[in-house]
Amino acid sequence: MTASYTIPVTAEHEYPVIIGRGLLGELPHLCAGAQRVAIIHSAVLTTSAEAIRDDLHDGGFECFLIEVPASEDAKTAPVASFAWETLGTCGFTRSDVIVGLGGGATTDLAGFVAATWLRGVKVIQIPTTVLAMVDAAVGGKTGINSDAGKNLIGSFHSPHGVLCDMNALDSLPPHDLLSGFAEVIKVGFTHDASILTDIEDRGEACIDPGGDLLADLVRRAVQVKADVVAVDFKETGEGGGVGRAALNYGHTFGHAIERVESYRWRHGAAISVGMVYVAELARLGGKLTESDVQRHRDLLEQLGLPTTYAGDRWDQLLSAMQVDKKARGSVLRFVILNGLQNPVFWEGPDPALLHAAYGAVTA
Ligand SMILES: NC(=O)c1ccc[n+]([C@@H]2O[C@H](COP(=O)([O-])OP(=O)(O)OC[C@H]3O[C@@H](n4cnc5c(N)ncnc54)[C@H](O)[C@@H]3O)[C@@H](O)[C@H]2O)c1
């Protein structure tokens with residue numbers, strides 16, 4: 001895929017997700033109607049943020065930068081408050097625009113700040129990791145963390161546009177690129193079998209940031225997300241079936257690992273183990289075959305993603321998984337596969353099966 005490709009998302013309102021290279025020329029059109037643009041970014045992207053600021057300035061916008069900490073350190077109430085205060089100081093109005101430039105943590109924060117400032121201003125997301133391109137920046141879920149848990153404070157607030165500029169991935173450390181790729185594999189298991197066969201056939205070419213295949217896989221993963229959120233924007237199960245919750249495949253156990261590891265594990269690495277866990281659970285429940293589970297392991301390990309976890313943390317993991325349960329106010333619920341590409345819910349599995357699946361993923 002060399003030319004740019006636009007996927008329209010029709011959830012809450014219609015917006016484009018544009019995937020390609022050298023896309024920053026699209027930004028002034030998307031900002032049309034605003035007088036001020038605030039770019040929320042982390043230090044590692046300062047050079048890009050400054051280039052965007054200068055470009056927008058030349059286009060007649062008043063533009064300012066809001067630098068925030070890297071990764072999960074950005075998704076806190078004090079950082080959101082710092083951003084709100086800066087918007088206030090700069091006289092940011094309802095017709096102005098926030099740009100989120102960075103990985104999923106930055107785009108989650110930028111979306112949340114945009115959702116809450118003046119009860120909602122436009123946000124344009126410029127994701128710079130694979131994870132943010134295929135997942136965090138698309139679909140309108142925004143949020144921050146608190147001591148009570150990850151992503152428990154937030155809002156649905158769809159972006160005004162999303163620019164996935166593949167050139168941004170050139171500077172991304174390989175382990176961050178790989179971590180995000182776990183979400184591409186996830187979509188292969190839940191929705192699009194051709195993603196899995198392409199990875200099996202092409203191996204490491206899939207994660208070459210300079211190659212066309214990665215851009216094409218990003219496009220297909222974004223298409224799945226666009227289709228899913230168009231039907232079930234708020235994850236209420238609208239449209240029947242599992243709906244948007246399918247995208248949480250591997251996340252119940254994965255979030256528990258992140259919490260137990262105090263968010264030092266990359267999200268995608270935790271989700272990688274989480275997918276193997278829930279595949280083992282489905283096998284124990286008679287929904288997946290042994291070879292389906294082995295395919296999970298083979299695909300993830302082929303690219304160097306983790307598939308096992310420490311064997312002495314069950315109690316901590318189980319109590320961390322209760323946070324997901326608390327968020328929904330019902331029993332512990334997993335998205336499992338009843339056959340590949342067929343996500344279903346499994347509510348309240350037998351605790352003995354939960355523990356047995358853990359035994360199958362311990363190192
Ligand atoms: N809103 C949603 O629907 C949704 C979905 C999935 C994940 N998420 C959230 O996304 C977050 C994870 O996102 P992530 O994996 O992108 O991690 P991240 O945002 O923490 O970024 C990873 C690291 O890469 C750096 N970085 C980002 N872009 C770079 C670039 N181009 N070059 C060099 N360094 C760069 C960041 O500064 C950071 O240190 C989590 O907080 C997760 O909860 C949200």
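The values are calculated or read from the model by the stated rules, or taken from the named source; none is laboratory data. What you see is a predicted model, and the numbers here were worked out from it, not measured in a lab. Every residue, glycine among them, receives a Cβ derived from its backbone with ideal geometry; neighbour counts consider all protein chains shown. Remember, those area values only see protein heavy atoms, side chains included, never the ligands or the DNA or RNA. Shrake-Rupley method; radii C 1.70, N 1.55, O 1.52, S 1.80 Å.
For segment 210-221, name all the residues that are assigned to a helix (DSSP H, G or I) and in contact with an Asp or Glu (Cβ under 9 Å, 6 or more places away or on another chain).
Pass one, segment 210-221, residues assigned to a helix (DSSP H, G or I): 212-221.
Listed by number, the residues that qualify are LEU213, LEU214, ASP216, LEU217, ARG220, ALA221.
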Q: Scan segment 145-164 for residues that are open to solvent by 40 Å² or more (accessible area, probe 1.4 Å), within 22 Å of TYR15 (Cβ to Cβ) and away from the ligand (no atom under 12 Å from the Cβ) and jot them down.
A: HIS160
Q) Right, GLY203: assigned to a helix (DSSP H, G or I), more than 10 Å from the ligand (Cβ to nearest atom) and in contact (Cβ under 8 Å) with a residue 12 or more places away in the chain or not? A) yes
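So which of GLY88, GLY104, GLY111, GLY100 is farther than 26 Å from LEU172 by Cβ and of a type in the set (Gly, Ala, Ser)?
Being farther than 26 Å from LEU172 by Cβ and of a type in the set (Gly, Ala, Ser) holds for just one of GLY88, GLY104, GLY111, GLY100, which is GLY88.
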Q) Which ones in segment 129-139 are within 8 Å of the ligand (Cβ to nearest atom) and open to solvent by less than 10 Å² (accessible area, probe 1.4 Å)? A) VAL130, ALA132, ALA137, VAL138, GLY139
Q. Does segment 165-172 include one or more residues that are over 30 Å from CYS31 (Cβ atoms), assigned to a loop (DSSP other than H, G, I, E, B) and out of contact with any strand residue (DSSP E or B) (no Cβ under 6 Å at 6 or more places or on another chain)?
A. no
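Do you know which residues across segment 213-236 are over 13 Å from PHE181 (Cα atoms) and not small (Gly, Ala, Ser)? I'd like the intermediate steps shown before the answer.
Our first condition is that a residue be over 13 Å from PHE181 (Cα atoms); within segment 213-236, this holds for 223-236.
Scanning segment 213-236 gives GLN223, VAL224, LYS225, ASP227, VAL228, VAL229, VAL231, ASP232, PHE233, LYS234, GLU235, THR236.
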Q | Residue count for segment 20-50, restricted to those that are more than 16 Å from the ligand (Cβ to nearest atom), touching a Leu at 6+ places or on another chain (Cβ under 9 Å) and part of a helix (DSSP H, G or I) | A | 4
**Q.** Top-ranked residue of segment 247-280 - restricted to ones that are among the acidic types (Asp, Glu) and touching a residue at least 60 places away in the same chain (Cβ under 8 Å), ranked as farthest from VAL335 (Cα to Cα)
**A.** GLU258
Q) Within the set of pairs 6 or more residues apart or between chains, which connect a residue that is farther than 17 Å from SER48 by Cα and charged (D, E, K, R) inside segment 104-130 to a residue that is open to solvent by 10 Å² or more (accessible area, probe 1.4 Å) and more than 7 Å from the ligand (Cβ to nearest atom) with Cβ atoms less than 6 Å apart? A) LYS122/HIS160
Q | Whichever residue in segment 265-300 is farther than 21 Å from GLN341 by Cβ and not hydrophobic (A, V, I, L, M, F, W, C) and, among such residues, is surrounded by the most Cβ atoms within 10 Å (Cβ to Cβ) | A | HIS267
Q.
Where the second residue is surrounded by 14 or more Cβ atoms within 10 Å (Cβ to Cβ) and not in a loop (DSSP other than H, G, I, E, B) and the first is acidic (Asp, Glu) and lies in segment 233-246, which pairs have Cβ atoms under 8 Å and are six or more apart or on separate chains?
A. GLU235/GLY243; GLU235/ARG244; GLU235/ALA245; GLU238/VAL231
Q: Provide a single number: the residues in segment 81-114 that are within 15 Å of the ligand (Cβ to nearest atom) and among the small types (Gly, Ala, Ser).
A: 8
Q.
If I ask for residues that are in a helix (DSSP H, G or I) and surrounded by 15 or more Cβ atoms within 10 Å (Cβ to Cβ), which ones from segment 51-72 would you list?
A. ILE52, ARG53, ASP55, LEU56, SER71, GLU72
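Each row is one residue, and each column tells you yes or no for (1) over 21 Å from the mean Cα position of the chain (by Cα); (2) in a loop (DSSP other than H, G, I, E, B); (3) not assigned by TED's automatic domain parsing to the domain that holds GLY103.
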| position | (1), (2), (3) |
| --- | --- |
| ALA246 | no, no, yes |
| ARG259 | no, no, yes |
| TYR263 | no, yes, yes |
| SER272 | no, no, yes |
| ALA282 | yes, no, yes |
| ASP315 | yes, no, yes |
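Out of HIS175, HIS191, which single residue is over 26 Å from VAL113 (Cα atoms), within 16 Å of the ligand (Cβ to nearest atom) and modelled with pLDDT under 95?
Of HIS175, HIS191, the one residue that is over 26 Å from VAL113 (Cα atoms), within 16 Å of the ligand (Cβ to nearest atom) and modelled with pLDDT under 95 is HIS175.
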Q.
All but one of (1) within 16 Å of the ligand (Cβ to nearest atom); (2) open to solvent by 30 Å² or more (accessible area, probe 1.4 Å); (3) assigned to a helix (DSSP H, G or I) hold for ASP198; state the number of the condition that does not hold.
A. (1)
Q | Filter result (open to solvent by 20 Å² or more (accessible area, probe 1.4 Å) and not in a helix (DSSP H, G or I)) within segment 80-119 | A | CYS90, GLY91, THR93, ARG94, SER95
Q. Out of (1) open to solvent by 10 Å² or more (accessible area, probe 1.4 Å); (2) within 11 Å of the ligand (Cβ to nearest atom); (3) not in a loop (DSSP other than H, G, I, E, B), what's the single condition that is false for THR252?
A. (2)
